[in-house]
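*Asks:* Have a look at the structure that comes next, please.
Every read-out reported here was derived from the displayed coordinates using simple, explicitly stated rules and does not represent laboratory data. Owing to the predicted nature of the structure, the values given are computational and were not obtained by experimental measurement. Glycine gets a Cβ as well: all are built from the backbone with ideal geometry, and neighbour counts include every protein chain shown.
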Ligand code: AVJ
């Protein structure tokens, strides 16, 4: 590495920390108070999310695994409709457990492609990279660590071939519906006619099943939310007493919005990087949205952002769907 690229990376890190500080202080000075769930994923957060994916209540991963394991050829046929070489860009790749099935299948078919996983966590990308280097040594892989659109831009610079974009796991659910719409419109501007998006939607279903997935008995989801306070303590020199906050989860079956909050159990003052933030007793911090969709709502999202729905593949329970869109 040249000295120049090293300096750039340090600057990018400083920038990320400065952005984190700005977003946290802005969010906690807002009414109602809120924090962004994209900040859940530090090293501990990555591990907690892997534990969530392994919980019996968190059906999402099992459902999408069912699709990637048992309907691999259907997924691959959408991508291999033309035999032109392509770049496979994955937004929010995480540890890539599901995508690995598709990657292996594509390699077995001798498809010519480069895999470009994008994630906000450099930690989970290195986990992914090590795993794929060992399991699929013949795979071409370029890891991109950062925010979706910044890294999409990088990917677009690096790629001159047709693009297939994976956005799995119901990551889209973390966006409010209007945000999801502008996100999909933005995504489409990076694509050319004929490019493909595969997007994972968690479907509306028995509301109790959804609530249970985000309100597990073992308290892992609670720990996942509370860990952001610990991260703020460490990285922003703050003094949250984590025990003085409690996780609270809601699901509204009419709108499909599943939301998590932290409740302040006392009146308390928290110091963040020299600034004091007041919490009333019972005051909430809004933490995360995990939006659920009907199949029809997913199609409306496609239509309103200039995509054509070409296929959708469901798990055996019809709880989750991976939808294929054509740009
Ligand atoms: C990674 C955004 C898909 O919203 O279901 C899991 C994160 N939060 N349990 C989701 C999450 C609480 C997850 N996504």
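*Asks:* Compute log10 of I(q)/I(0) for the stretch 205-256 with the Debye formula, placing one identical point scatterer on every Cα and leaving out solvent, at q = 0.13 Å⁻¹, to two decimals.
*Replies:* One equal scatterer on each Cα of the stretch 205-256 leads to -0.42.
*Asks:* Rounded to two decimals, what is Rg over Rh for the stretch 168-243 when you use alpha-carbon atoms and the Kirkwood radius? Numbers along the way, then the final one.
*Replies:* Working: Rg = 17.7 Å, Rh = 15.8 Å.
Looking at the stretch 168-243, the ratio lands at 1.12.
*Asks:* Further question: Hey, if you drop one equal point scatterer on each alpha-carbon of the stretch 272-311 and run the Debye formula without solvent, what base-10 log of I(q)/I(0) do you get at q = 0.14, 0.17, 0.21, 0.29 Å⁻¹?
*Replies:* The Debye formula, applied to the Cα set alone, gives -0.58, -0.63, -0.77, -1.02.
*Asks:* When the gyration tensor of the stretch 51-112 is built from Cα positions, what are the square roots of 5 times its three eigenvalues, in whole Å, from largest to smallest? Working shown, then result.
*Replies:* Values: eigenvalues 123, 30, 15 Å².
So the equivalent ellipsoid measures 25, 12, 9 Å along its semi-axes.
*Asks:* If you don't mind, another one. Rounded to the nearest 0.05, what FRET efficiency do residue 177 and residue 82 have when you use their Cβ-Cβ distance and R0 = 22 Å?
*Replies:* Details: r = 33 Å, r/R0 = 1.49.
Efficiency, rounded to the nearest 0.05: 0.10.
*Asks:* Which order do 319, 325 fall in if you start with the one that has the fewest other Cβ atoms within 10 Å?
*Replies:* 319, 325
*Asks:* What is the Å³ per residue value for the convex hull set by the Cα atoms of the stretch 175-215? Write down the numbers at each step before the final one.
*Replies:* Details: hull volume 3.8 nm³, N = 41.
It is 92 Å³ per residue.
*Asks:* Helix 122-135 versus the longest principal axis of the chain: what is the Cα-based angle in degrees, 0 to 90, to the nearest 10?
*Replies:* So the inclination is approximately 30 degrees.
*Asks:* For the stretch 204-327, compute the orientation-averaged projected area of the C-alpha convex hull (one quarter of its surface), in nm².
*Replies:* On the way: hull surface 41.5 nm².
For the stretch 204-327, the mean projected area of the Cα convex hull comes to 10.4 nm².
*Asks:* Counting just the Cα atoms, what span does the stretch 105-146 cover along each of its three principal axes? Round to the nearest Å and put the largest first.
*Replies:* So the three principal-axis extents are 31, 18, 12 Å.
*Asks:* Along the three principal axes, how long is the chain when you take its alpha carbons, biggest first, rounded to the nearest angstrom?
*Replies:* Sorted from largest, the Cα extents of the chain read 62, 55, 36 Å.
*Asks:* With angles folded into 0 to 90 degrees, how steeply does helix 177-189 sit against the dominant principal axis of the chain? Use alpha carbons for both and round to 10.
*Replies:* 40
*Asks:* Taking the mean number of other Cβ atoms within 10 Å as a proxy for protection, how do you rank 40-49, 112-121 from highest to lowest? Each step should come with its number before you reach the end.
*Replies:* On the way: 40-49: 19.3, 112-121: 22.1.
Highest-to-lowest ranking by the protection proxy: 112-121, 40-49.
*Asks:* While we're here: Run the paramagnetic zone check for residue 252: 7 angstrom along Cα to Cβ, then residues of the stretch 281-299 with backbone nitrogen under 20 Å.
*Replies:* Only 283-298 fall inside the zone, counting backbone N under 20 Å.
*Asks:* Stretched out fully, how many nm does the piece from residue 123 to residue 47 gain, at 0.36 nm a residue minus the Cα gap? Mind showing how you got there, number by number?
*Replies:* Details: separation 76, 0.36 × 76 = 27.36 nm, distance 1.01 nm.
Extra length available between residue 123 and residue 47 comes to 26.3 nm.
*Asks:* Sticking with this one: Please report Rg over Rh for the stretch 100-208, where both radii come from the alpha carbon positions and Rh follows the Kirkwood definition.
*Replies:* Numbers: Rg = 15.2 Å, Rh = 15.5 Å.
Radius of gyration relative to Kirkwood radius: 0.98.
*Asks:* Okay, next question. Round to the nearest 10 and give me the degree value, 0 to 90, for the angle of helix 43-53's Cα axis relative to the longest principal axis of the chain.
*Replies:* 70
*Asks:* Oh, and also: What is the extension gain from residue 243 to residue 107, computed as 0.36 nm multiplied by their sequence separation minus the C-alpha to C-alpha distance, in nm to one decimal?
*Replies:* On the way: separation 136, 0.36 × 136 = 48.96 nm, distance 4.85 nm.
Contour length minus Cα-Cα distance gives 44.1 nm.
*Asks:* Evaluate E = 1/(1 + (r/R0)^6) for residue 308 and residue 72, where r is the Cβ-Cβ distance and R0 equals 30 Å; express this FRET efficiency to the nearest 0.05. It would help to have the intermediate numbers written out before the result.
*Replies:* Details: r = 23 Å, r/R0 = 0.77.
Result of the calculation: an efficiency of 0.80.
*Asks:* List 259, 161 from most exposed to least, where exposure is judged by having the fewest other Cβ atoms within 10 Å. Write down the numbers at each step before the final one.
*Replies:* Values: 259 18, 161 13.
So the ranking, lowest neighbour count to highest, is 161, 259.
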